[in-house]
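**Student:** Mind having a look at this structure? Questions to follow.
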Amino acid sequence: MENGSVVTSFILKAYTELEDHRYVYFTGFLLLFILMVLTNVILIIVIYTEKGLHEPMYFFMCNLAVNGIYGTISLLPSVLGYLTSHSYEISLTACLLQIYCIHTYATVEFSILAVMGYDRFVAICHPLHYHQLMSHRKVCTFIAVSWIYPCIVFGLYFILTTQRTFCDRIIERVYCISFELLKLSCLEISTQTNVGFVVTIFLIVPQLLMILFSYAQILRICLFASKESQTKAIQTCTPHLLSVINYSVGCLFELISNYLKFSHFNTAQVPYKARIFLFLYFLIIPPLFNPVIYGVSITAIRAQILKLFTTKNKLNPPQVRMK
């Protein structure tokens with residue numbers, strides 16, 4: 001039977017652990033926010049303005065940067081707001097909106113990384129047919145699917161969450177997440193939990209298989225290639241592999257933090273602030289890491305970034321004083 005005291009707002013309890021040094025955390029998160037937006041915007045501008053970078057790989061990078069900004073805006077402004085407030089209350093509507101944005105950011109990120117893995121497979125294993133297999137139309141289709149598929153699949157599951165009523169208010173996070181909110185439901189959640197597990201499989205397994213297939217084929221080709229070809233393949237794949245590993249580590253942290261929450265090991269040995277870091281890793285580090293690693297490791301992008309920042313000096317050379 002449903003509890004009569006249905007709540008429409010929640011308390012993000014994790015912020016109470018940050019009160020002792022709230023302005024230090026605020027400064028740190030503000031700098032991270034500025035850096036994440038700035039680095040991703042610079043990458044987008046460079047790819048958009050430089051026609052030499054209008055290739056499939058760079059379009060996918062651009063979408064990764066757009067998604068990074070989307071994820072950053074979904075989280076950090078609210079974190080900054082709560083760090084300057086003594087009220088950690090969030091409305092049901094805002095909580096649901098945050099859940100949808102954060103979950104779609106996470107699944108779109110993985111989808112784009114999967115498509116980028118396929119792009120590297122085609123570039124290395126079928127170089128002569130690359131422009132045919134990765135035509136402009138196919139690239140647009142890949143980009144559209146990498147956004148639309150996760151948003152629709154999670155959206156269908158998300159509808160079930162919006163129809164729930166809730167009888168408890170405490171969320172032990174600095175942001176709303178689907179599983180944490182469902183635990184506060186007035187009614188039994190095992191059916192929706194099972195549905196969520198199936199949805200997670202649909203949102204992870206196809207992308208994971210694409211990445212594994214792509215790199216299995218790349219490895220197979222490299223085993224029989226010359227040293228020069230192997231070196232070129234490693235240079236081509238390294239930025240993407242680093243992005244995949246970094247994001248996978250973030251997702252692993254999220255799984256570990258969920259496990260620790262229901263374990264005696266949690267409160268006994270893991271500091272709460274360390275768990276907050278685990279909660280935030282996949283939402284903060286990849287959007288900051290991706291544009292930096294692509295900007296540093298890919299010569300074409302690095303050259304255009306340097307050109308972007310040196311153009312002003314060239315247009316405004318120091319004037320010589322006439323005697």
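FYI, it's all coordinate maths here, none of it is from the lab. This one's a predicted model, so the numbers in the text were calculated from it and none came from an experiment. Because the Cβ atoms are built from the backbone with ideal geometry, glycine has one as well, and the counts that use them run over all protein chains shown.
**Student:** According to the square roots a ≥ b ≥ c of the eigenvalues of the Cα gyration tensor, what is the shape class of the range 9-107, taking rounded for a/c under 1.5, prolate for a/b larger than b/c otherwise, and oblate for the remainder? Present the calculation step by step, with values, prior to reporting the outcome.
**Tutor:** Numbers: a/c = 4.08, a/b = 1.95, b/c = 2.09.
In terms of gyration-tensor shape, oblate.
**Student:** Let me know the charge dipole size of the chain about its Cα centre in debye, to the nearest 20, where only the beta-carbon of Lys, Arg (+1) and Asp, Glu (-1) is charged. Write out the running numbers ahead of the final one.
**Tutor:** Working: 22 positive and 15 negative charges, 279 e Å.
Roughly 1340 debye, rounded to the nearest 20.
**Student:** If I take R0 = 25 Å and measure r between the Cβ atoms of Asp20 and Ala94 in this structure, what FRET efficiency does the formula 1/(1 + (r/R0)^6) give, to the nearest 0.05? Don't skip to the end; give the middle numbers.
**Tutor:** Details: r = 26 Å, r/R0 = 1.03.
That gives a FRET efficiency of 0.45.
**Student:** On C-alpha positions alone, give me the angle between the axis of helix 227-261 and the longest principal axis of the chain, in degrees, nearest 10.
**Tutor:** The angle comes out at about 10 degrees.
**Student:** How do the peptides 129-136, 78-85 rank, highest first, by the average count of neighbouring beta carbon atoms within 10 Å per residue?
**Tutor:** 78-85, 129-136
**Student:** Among Thr236, Gly71, Thr191, which residue has its Cα furthest toward the positive end of the charge dipole of the chain, with +1 on Lys/Arg Cβ and -1 on Asp/Glu Cβ?
**Tutor:** The residue sitting farthest along the positive end of the dipole is Thr236.
**Student:** Please build a GNM for the chain, connecting alpha carbons under 10 Å apart, and tell me which residue among Ile276, Ile201, Ile285 fluctuates the most.
**Tutor:** Among Ile276, Ile201, Ile285, the largest GNM mean-square fluctuation belongs to Ile201.
**Student:** While we're looking at this one, here's another question. Which value, in debye to the nearest 20, describes the size of the charge dipole of the range 12-66 about its Cα centre when Lys and Arg Cβ atoms bear +1, Asp and Glu Cβ atoms bear -1, and nothing else is charged? Mind showing how you got there, number by number?
**Tutor:** Values: 3 positive and 5 negative charges, 22 e Å.
Around 100 debye, computed over the range 12-66.
**Student:** Here's a follow-up. Within the set of other residues whose C-beta is less than 14 Å from the C-beta of Tyr25, count the net charge using Lys and Arg as +1 and Asp and Glu as -1. Don't skip to the answer; put the middle values down first.
**Tutor:** On the way: positive: Arg22, Lys273; negative: Glu17, Glu19, Asp20.
Net of charged neighbours comes to -1.
**Student:** Work out the FRET efficiency for Phe309 and Leu242 from their Cβ-Cβ distance, taking R0 = 25 Å, and round it to the nearest 0.05. Walk me through the intermediate numbers first.
**Tutor:** Working: r = 24 Å, r/R0 = 0.96.
That pair, Phe309 with Leu242, gives E of 0.55.
**Student:** Read phi for every residue in the range 122-133 and hand back ³J(HN,Hα) as whole Hz from Karplus 6.51 cos²θ - 1.76 cosθ + 1.60, θ = phi - 60°, with x for Gly and Pro.
**Tutor:** With the stated coefficients, the range 122-133 comes to 5, 5, 8, 8, 9, x, 6, 10, 4, 5, 7, 6 Hz.
**Student:** May I ask you to order 158-171, 61-74, 114-127 by the average number of other C-beta atoms within 10 Å around their residues, highest value first? Mind dumping the intermediate values first?
**Tutor:** Values: 158-171: 14.7, 61-74: 22.1, 114-127: 20.1.
Going from most to least packed, we get 61-74, 114-127, 158-171.
**Student:** Mind listing the phi-derived Karplus ³J(HN,Hα) values for the range 275-288, rounded to whole Hz, using 6.51, -1.76 and 1.60 with θ = phi - 60°, and x for any glycine or proline?
**Tutor:** 5, 4, 4, 4, 4, 8, 3, 6, 9, 10, 5, x, x, 7
**Student:** Using the alpha-carbon atoms, what tilt in degrees (0 to 90, nearest 10) does helix 299-315 show relative to the longest principal axis of the chain?
**Tutor:** Relative to the chain, helix 299-315 is tipped by roughly 80 degrees.
**Student:** Angle between the Cα long axis of helix 190-223 and the longest principal axis of the chain, 0 to 90 degrees, nearest 10?
**Tutor:** The helix 190-223 is inclined about 20 degrees to the chain.
**Student:** Same structure again: Rounded to the nearest 0.05, what FRET efficiency is calculated for His131 and Ile159 with R0 set to 41 Å and r the Cβ-Cβ distance? Please list the in-between numbers first.
**Tutor:** Working: r = 41 Å, r/R0 = 1.00.
The value I calculate is 0.50.
**Student:** Compute the Cα gyration tensor for the chain, then decide on rounded, prolate or oblate, letting a ≥ b ≥ c be the square roots of its eigenvalues: rounded whenever a/c is under 1.5, prolate when a/b is larger than b/c in the other cases, and oblate in all that remain.
**Tutor:** Details: a/c = 2.18, a/b = 1.42, b/c = 1.53.
Oblate is the answer for the chain, as a/c is 1.5 or above yet b/c matches or exceeds a/b.
**Student:** Output ³J(HN,Hα) for the range 64-71: one whole-Hz value per residue in order, computed from phi by the Karplus curve 6.51 cos²θ - 1.76 cosθ + 1.60 with θ = phi - 60°, and x for Gly and Pro.
**Tutor:** Along the range 64-71, the couplings run 4, 5, 4, 5, x, 5, 4, x Hz.
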